[in-house]
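The values are calculated or read from the model by the stated rules, or taken from the named source; none is laboratory data. Worth saying up front: this structure is predicted, and the values here are computed from it rather than measured. Counting neighbours? That spans all protein chains shown, and the Cβs are built from the backbone with ideal geometry, glycine included.
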């Protein structure tokens, strides 16, 4: 069964970041490193508090 309702979202407080073009999400000591399809990187502070597969959300603590 496929539950594809669109891209995952990274949720931090009241901010939502679409992970539509993100190819990799790496956990690092200072936060999360997002790498897009073209190799561009972005670092976000925080740690993963919850991964909600049904609602396609990754919630930061």
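Take residue 39 and decide whether it is at positive phi and modelled with pLDDT of 95 or more. For residue 39, the condition - at positive phi and modelled with pLDDT of 95 or more - is met.
Please pick out the residue among 59, 27 that is assigned to a strand (DSSP E or B), loosely packed, with under 11 Cβ neighbours inside 10 Å and in contact with a strand residue (DSSP E or B) (Cβ under 9 Å, 6 or more places away or on another chain). Talk me through it step by step, then tell me what you get.
Details: 59 fails: loosely packed, with under 11 Cβ neighbours inside 10 Å.
Going through 59, 27 in turn, the sole match is 27.
Residues in region 8-24 that are surrounded by 11 or more Cβ atoms within 10 Å (Cβ to Cβ) and not in a strand (DSSP E or B): 8, 19, 20, 21.
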